[in-house]
2 protein chains.
Amino acid sequence: MTTQAPLKASPLYFSPISPSHNVAPGKEGYGRYMLTIPWSRTSGWGQAKISPRADLSFDPLAGVLQYATTCFEGMKCYKDEAGDLRLFRPNLNFDRLKRSGARLGLPAEWDNAELLDLFSKLLYLETDLVPQADGQNLYIRPTLLETSESFGIKEDAFASEALLYVVTSVNLGAGLYASAEGKGLRLDACSEFIRAWPGGTGSYKLGANYGTVSVAKKPGFAMSLWLHGAEDFVSEAGAMNIWIIKEAKDGVLEFVTMSLDNGIVLPGVTRASIIQLLEDHASGKAEFPLPGMPKNIRVVQRDIPMAEIVEGTKDGSLKGMFGCGTGVVVVQVAEIQYKNELYQIPANPAIKLLRDTMTAVQRGAIAHEDWSYVIPAWEAGSAQEHDVDGQKVVA
Amino acid sequence: MTTQAPLKASPLYFSPISPSHNVAPGKEGYGRYMLTIPWSRTSGWGQAKISPRADLSFDPLAGVLQYATTCFEGMKCYKDEAGDLRLFRPNLNFDRLKRSGARLGLPAEWDNAELLDLFSKLLYLETDLVPQADGQNLYIRPTLLETSESFGIKEDAFASEALLYVVTSVNLGAGLYASAEGKGLRLDACSEFIRAWPGGTGSYKLGANYGTVSVAKKPGFAMSLWLHGAEDFVSEAGAMNIWIIKEAKDGVLEFVTMSLDNGIVLPGVTRASIIQLLEDHASGKAEFPLPGMPKNIRVVQRDIPMAEIVEGTKDGSLKGMFGCGTGVVVVQVAEIQYKNELYQIPANPAIKLLRDTMTAVQRGAIAHEDWSYVIPAWEAGSAQEHDVDGQKVVA
């Protein structure tokens, strides 16, 4: 077997945009650059390249076009008070992309530090596009997909050729959050289309989990609340993990979200971070970073049947509900349509507190362990560089 | 609302390949042409075009790349004894493509006769590539996918822009059949990766059903036998519908395949055709077209638990097993690995009889209702034509 080249941040091909190309800072739109790194089974990772955002070309029988061999991540770049750019726990996204890639027979090995170096350079080039206001950001979409022909029965499950690329977009998710601010989201509980099931792909961030269920969306509702199983357990809402806040029989305020055990829900980075913040607070290991969180709380990971939510709206035990994810961060759920009935979910101040804490940590306003990564400055033209086919190569 | 243009076969843009472009007849490879028909939500179907096979370009955030909004069909073009080209029940594939498209929010309305006209022209251009030998063919891959950006939460589930394209390839599926000829396929029964479930997409021909399960393939086995449910019911094998032949308690020879009721298996064209052939034969409506099929048979559509197959190999009630689909037509299953045990499945002459009947009907050697469509001759250069941007427009 030939040696497969590892993913390397250097040398980097850099192809600058023309001086006439300009997008006004803060304007809704795409980042101007994209990062591309090709891969082949025989030679491994190829030349990393940052170049102007452009269309991608594929053979008509490429795996991604025929058999949905594509996975992605959602990440955000924030600009802090000092004007520095920050990423939130990027290695968790990189690790999840490896896991998704492995599930599809795509490349799943690289040094996260090398990839982070490339992300940093891409994002640094977009510095003037990253909004500084609280809650705003440059959304980052890393995508890993099969470019090689995939068509007949293959000898094994692995792609011959793949591409990892990264594009950016200003403020994805902010519009959804704004539409719900103060009043919360309306969800339609859906048992007609089942998003995920044990042995399926619900816990991987595959394109296939998203396009196949978008037809479920009902007019007047922000998104679907996904149900599964004989008891209509809730799993996710839209592309968010979902939580209920419940007063338990022992008087403790429970934050309940679905367990990862049966592989139905995505292991969200925001979900994991909220669990840690709440558990540290409950155990006394660390105070909740913003004042106001009750002390007597508990995190529970288990199935949540719709009957429990319905019952909770009647007996008053349901104290709130929210979704979380990279796009919206944390957003209140105000109303659920289920079997032609509408159920009102009470508001809870802990939801805003969680959101404010998460956005403050993301923007570096609250320090929390090493969750926030500051992107170093990069002078694209400064390093050893020379022209190759009209492109700069930065060593 | 603006009027959406219907899909029209005429006028057709035709861009001929250069005379120097040549693929030897019968050589394994791709057809030289592709058919493309763009669609937009505001204007409907756009200009149909037959042009040299080429890469397709997409925005990095196109729905097909991000969220797997792609579906396809598998069809075959046969060359009969007289040298005419034939399609097998093409309207069933066109109708299924509409159904798949609708499931993904893609365009799902067109006049099949218009589409068949375009298919016929595309295939006629490849006449010299279509092999004439029994069991050989030009495989056709129609694909329908979302080209527009699909990224944030949309107002509804429908694509803004889509593309229907068709490419061809010589002899797909023939290799798999040849590898199994005389000895049958070895299958690995898989309960780790679950292909489909009620409320999912198993009964639609979506790319997402294929790329997400290819990692299940075990070395030494032709493909996976998909299991589901608490009783390890068999659903499909690889991309084929699956059948068992069983001696029932009343002495009747049963041909059993999974029911379509729970939406887990694909409603295969080959599956439907075999059901009709067998049921007509059993009921006395029409004799089986090739001699040798027993008279005392019955078609049963129901769940098949693995335990029944295991038991049948022991008590002798299992008389055979086969897969069917456009690629392989009909192929014997010889062995199944299940829970670390190997089970030998007996051969049955009815399997070869079904295959020979299907291929004979497909190639027009046996007439059966209107199942075989003869492609009319098309002189691409003959109709009213003029140059537009160097391309021929054929009215």
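The values are calculated or read from the model by the stated rules, or taken from the named source; none is laboratory data. Quantities reported herein were computed from a predicted structural model and do not represent experimental measurements. Glycine also receives a Cβ, built like all others from the backbone with ideal geometry; neighbour counts cover every protein chain displayed.
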Scanning segment A:169-181 for residues that are more than 10 Å from chain B (Cβ to nearest Cβ) and over 16 Å from A:ALA239 (Cβ atoms) gives A:VAL170, A:ALA178, A:GLU181
From the option list A:ARG89, A:ARG103, A:ARG99, A:ARG141, single residue qualifying as at pLDDT 95 or above and away from chain B (no Cβ under 14 Å) is A:ARG89
In segment B:133-143, is there at least one residue being within 24 Å of A:THR69 (Cβ to Cβ), aromatic (Phe, Trp, Tyr) and assigned by TED's automatic domain parsing to the domain that holds B:ARG41? yes
(request) Within segment A:88-97, identify whether any single residue is in contact (Cβ under 8 Å) with a residue 12 or more places away in the chain, over 24 Å from A:TRP39 (Cα atoms) and either polar (S, T, N, Q) or in the same structural domain as A:GLY44 (by TED's automatic domain parsing) (or both), and answer yes or no. (result) yes
Those residues of segment B:280-296 that are surrounded by fewer than 18 Cβ atoms within 10 Å (Cβ to Cβ) and touching a residue at least 12 places away in the same chain (Cβ under 8 Å) come to a total of 5
Of the residues in segment A:294-342, those that are charged (D, E, K, R) and either closer than 29 Å to A:TYR139 by Cα or not assigned by TED's automatic domain parsing to the domain that holds A:ILE242 (or both) number 1
- Query: A:THR70: among the β-branched types (Val, Ile, Thr), in contact with a Gly (Cβ under 6 Å, 6 or more places away or on another chain) and either under 30 Å from B:THR326 (Cβ atoms) or within 13 Å of chain B (Cβ to nearest Cβ) (or both), yes or no?
  - Reply: yes
Given the criteria surrounded by fewer than 23 Cβ atoms within 10 Å (Cβ to Cβ), away from chain B (no Cβ under 14 Å), within 23 Å of A:PRO131 (Cβ to Cβ) and of a type outside the set (Ser, Thr, Tyr), does A:ASP111 qualify?
no
Scanning segment B:210-241 for residues that are part of a helix (DSSP H, G or I) and surrounded by fewer than 23 Cβ atoms within 10 Å (Cβ to Cβ), the one nearest to the chain's Cα centre (by Cα) turns out to be B:TYR210
Across (1) within 21 Å of the chain's Cα centre (by Cα); (2) not assigned by TED's automatic domain parsing to the domain that holds B:ASP134, B:VAL167 clears everything bar (2)
Given the conditions (1) at the interface with chain B (Cβ under 10 Å from one of its Cβ atoms); (2) at positive phi, every one holds for A:SER150 apart from (2)
Considering residues that are within 22 Å of B:LEU342 (Cβ to Cβ) and more than 10 Å from chain A (Cβ to nearest Cβ), the number found within segment B:227-255 is 13
Those residues of segment B:44-67 which are among the basic types (Lys, Arg) and within 12 Å of chain A (Cβ to nearest Cβ) amount to B:ARG53
Note on segment A:346-395: residues modelled with pLDDT under 95 and in a strand (DSSP E or B) are A:GLU385, A:HIS386, A:ASP387, A:VAL388, A:GLN391, A:LYS392, A:VAL393, A:VAL394
So, first residue on the phi > 0 side of the Ramachandran plot in segment A:167-194, second residue modelled with pLDDT under 75 and not in a strand (DSSP E or B), Cβ within less than 8 Å, six or more apart or across chains; the pairs are A:ASN171/A:GLU28; A:GLY173/B:GLY152
Condition set under 22 Å from the mean Cα position of the chain (by Cα), outside any loop (DSSP other than H, G, I, E, B) and farther than 20 Å from B:VAL330 by Cα, scope segment B:182-209, selection nearest to the other protein chains (Cβ to nearest Cβ): answer is B:ALA208
Based on this model, can you work out whether B:LEU104 counts as within 18 Å of A:TYR67 (Cα to Cα), touching an Asp or Glu at 6+ places or on another chain (Cβ under 9 Å) and either surrounded by fewer than 20 Cβ atoms within 10 Å (Cβ to Cβ) or not assigned by TED's automatic domain parsing to the domain that holds B:ALA239 (or both)? yes
The strands (runs of 3 or more DSSP E) lying wholly within segment B:242-345 that contain at least 2 residues that are farther than 28 Å from B:ASP95 by Cα, β-branched (Val, Ile, Thr) and touching a Phe, Trp or Tyr at 6+ places or on another chain (Cβ under 8 Å) are B:329-338
